[in-house]
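Notes to accompany the following structure.
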Amino acid sequence: MLQELPQALAANIQSAARLLTAPARICILTGAGISAESGIPTFRDKQTGLWEQYRAEDLANPAAFARDPQLVWSWYQWRRQLVHNKQPNPAHLALADWQDYAAQHNQSISLITQNVDDLHEQAGSTAAHLHGHLWRNRCSHCGISYEDKSRDFNADKDVSEDDSNFSTDLITCQHCDNYIRPDIVWFGEALPTGAWQHAEDAAANCDVFISIGTSSLVYPAAGLAQLAQQNGAKIIEINPNPTPNTIVDITLADKAGVVMPHLVQQIKET
Ligand code: OAD
């Protein structure tokens, strides 16, 4: 199977698999790139259609919501519409398969994601979400979570497409009358304490840290690889493009959906 890949990539996958066979503790950080092959654009991709003129950074921040809640809410409703019918790709599925396999082979895999989609969960993985959840909402003032089963974005994902409601009408909190916002960590906001502590612990105590599909530009998540390396871990990066991450021991320079199934198969065979 590896023969179908370029020779250098195949050799690097074999080296990575050797590194991943023995160690007990593995920490994996995923970013938007792992969902790219499911058809979800990454953050550094230029936006399309109605939103072409906006940068994600200028919409995903609390000041933008305070200034123009309608604009920011409409953008998230558009993103929800874009994401709602997307499915896990071979990278998500291989990761979930590896988590199952690892549990039976004395390995622990901590999966940390910066993604707000739920494709890891759809694939059968458990992941800690550092940047929140696209399908959840909360009050922008009192923080109480908002659930409305009549709206597709909060309902279970088995709502049929015909029933979808991506209305751009703003919703207000039943308790304090302020606007409801997506339960997503915006630029300038703190990460959820529990998820971040879990990520720091997993990174500081792992034998191998794997970064998949992230530009390594957004902190504090981008600092996890460094934390792992300072504590003696080896670092593997899976990304078709170069990143500013300079501490990588093995780079697997191709799409996650190409690399992950081969890597997991090699781990099982090594
Ligand atoms: P980015 O959009 O910054 O980076 C995506 C990375 O994925 C890039 O380095 C691409 O080269 C890589 N990539 C693209 N296609 C890929 C593929 N098929 N397989 C593997 N890699 C691929 O996304 P993130 O690093 O996740 O924060 O961005 C980090 C955070 O910045 C996001 O969580 C978001 C954003 O603003 C918030 O929303 C708070």
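In the set (1) under 20 Å from Ile34 (Cβ atoms); (2) more than 15 Å from the chain's Cα centre (by Cα); (3) buried (at least 21 other Cβ atoms within 10 Å of the Cβ), the condition left unmet by Val72 is number (1). Of the residues Val116, Val159, the single one that is open to solvent by less than 70 Å² (accessible area, probe 1.4 Å), β-branched (Val, Ile, Thr) and modelled with pLDDT under 90 is Val159.
Do we have any residue at all in the stretch 200-211 that's polar (S, T, N, Q) and out of contact with any strand residue (DSSP E or B) (no Cβ under 9 Å at 6 or more places or on another chain)? No, every residue in the stretch 200-211 fails to be polar (S, T, N, Q) and out of contact with any strand residue (DSSP E or B) (no Cβ under 9 Å at 6 or more places or on another chain). Among residues of the stretch 236-248 that are closer than 18 Å to Leu20 by Cβ and open to solvent by less than 30 Å² (accessible area, probe 1.4 Å), those with a Cβ under 7 angstrom from a residue that is assigned to a loop (DSSP other than H, G, I, E, B) and within 9 Å of the ligand (Cβ to nearest atom), sequence gap 6+ or separate chain, pair up as Glu237/Thr243; Ile238/Gly213; Asn239/Gly213. Screening the candidates Leu29, Leu9, Leu93, Leu82 for the property of being under 16 Å from His262 (Cα atoms) and open to solvent by less than 50 Å² (accessible area, probe 1.4 Å) yields one hit, Leu9. When Asp97 is tested against (1) among the acidic types (Asp, Glu); (2) within 24 Å of Lys268 (Cβ to Cβ); (3) within 14 Å of the ligand (Cβ to nearest atom), only condition (3) is not met. Annotation note: of Ser74, Ser125, Ser108, the sole residue that is more than 14 Å from the ligand (Cβ to nearest atom) and within 25 Å of Glu189 (Cα to Cα) is Ser74.
If you check Ala36 against the conditions, is it touching a residue at least 40 places away in the same chain (Cβ under 8 Å), touching a Phe, Trp or Tyr at 6+ places or on another chain (Cβ under 6 Å), at negative phi and within 13 Å of the ligand (Cβ to nearest atom)? Break it down into steps so the answer makes sense when it comes.
Numbers: touching a residue at least 40 places away in the same chain (Cβ under 8 Å): yes; touching a Phe, Trp or Tyr at 6+ places or on another chain (Cβ under 6 Å): no; at negative phi: yes; within 13 Å of the ligand (Cβ to nearest atom): yes.
Criteria not met by Ala36.
For the stretch 249-270, name all the residues that are away from the ligand (no atom under 13 Å from the Cβ), open to solvent by 20 Å² or more (accessible area, probe 1.4 Å) and β-branched (Val, Ile, Thr). Passing the criteria: Ile250, Thr270.
If only residues of the stretch 42-69 that are at pLDDT 85 or above and among the small types (Gly, Ala, Ser) are counted, the one that is most open to solvent (accessible area, probe 1.4 Å) is Ala66.
Restricting to the stretch 177-188, and then to whatever is at pLDDT 95 or above and part of a loop (DSSP other than H, G, I, E, B), can you tell me which residue is farthest from the ligand (Cβ to nearest atom)?
Here is the first cut: in the stretch 177-188, the ones at pLDDT 95 or above are 177-186.
Right, trim to part of a loop (DSSP other than H, G, I, E, B) and you get 177-178, 185-186.
On the way: Asp177: 27, Asn178: 21, Val185: 5, Trp186: 6 Å.
It comes out as Asp177.
Can you say whether Leu217 is at pLDDT 95 or above, out of contact with any Gly (no Cβ under 8 Å at 6 or more places or on another chain) and either closer than 26 Å to Arg79 by Cα or not polar (S, T, N, Q) (or both), as far as the supplied structure shows?
So Leu217 fails the test.
The values are calculated or read from the model by the stated rules, or taken from the named source; none is laboratory data. It should be emphasised that the depicted structure is a prediction, and the values quoted were computed from it without experimental measurement. Positions of Cβ are generated from backbone atoms using ideal geometry, with glycine treated the same way; all protein chains shown enter the neighbour counts. Quick note on the areas: whole protein, heavy atoms, side chains included, nothing else; ligands and nucleic acids left out. Shrake-Rupley method; radii C 1.70, N 1.55, O 1.52, S 1.80 Å.
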